[in-house]
């Protein structure tokens, strides 16, 4: 009888599987274990996505704050430059650019001429001094010799102050803003 009972138990285990024994013992079945695993995985994925969203929002806020700080710094530099009686001009105030397409935001203008030969002479002198110079043509007929192209106003101001001591940039050199 014992052998028959053990044989019947082993046979029923083989036919019905481990889930039957787990169910009888009050333990979770394979399907329930898989459901619990999927729930845990979904919760972990949601937590991970919340962290990524938080980082993305913080990055956007930081970029916004940096842009505002840079704009405020640029406004402050322009204001302080005007208080020092320095000149910052936009090409629109000189009638706009005529033929020259400028790539950078700021240039240091070391001379403005009506005569092209004078502008070319100043251009050659600047190139000989080691600066990359270009001639900027305005609609009102002025030809300006511009040096040190930059997209950073702070850097342009420092360069202008350091160049004023040299023979390349006169005391009345100014910054051209290309917006």
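For segment 142-173, a tally of residues being closer than 28 Å to residue 71 by Cα and assigned to a loop (DSSP other than H, G, I, E, B) returns 7.
Can residue 176 be described as closer than 28 Å to residue 69 by Cβ and in contact with a helix residue (DSSP H, G or I) (Cβ under 8 Å, 6 or more places away or on another chain)? The answer is yes for residue 176. Selection over segment 162-179 of residues that are without any contact (Cβ under 8 Å) to a residue 40 or more places away in the chain and either surrounded by 13 or more Cβ atoms within 10 Å (Cβ to Cβ) or closer than 19 Å to residue 138 by Cα (or both) gives a count of 1. Each residue in segment 116-141 was checked for being farther than 15 Å from residue 178 by Cβ, in contact with a strand residue (DSSP E or B) (Cβ under 8 Å, 6 or more places away or on another chain) and in a loop (DSSP other than H, G, I, E, B), and 2 of them qualify. Does residue 45 qualify as being assigned to a helix (DSSP H, G or I), under 38 Å from the mean Cα position of the chain (by Cα) and either surrounded by 10 or more Cβ atoms within 10 Å (Cβ to Cβ) or modelled with pLDDT under 90 (or both)? Yes, satisfied.
The values are calculated or read from the model by the stated rules, or taken from the named source; none is laboratory data. Everything quoted here is computed from the prediction, not taken from an experiment. So basically every Cβ, Gly included, is an ideal-geometry build from the backbone, and we count neighbours across all protein chains shown.
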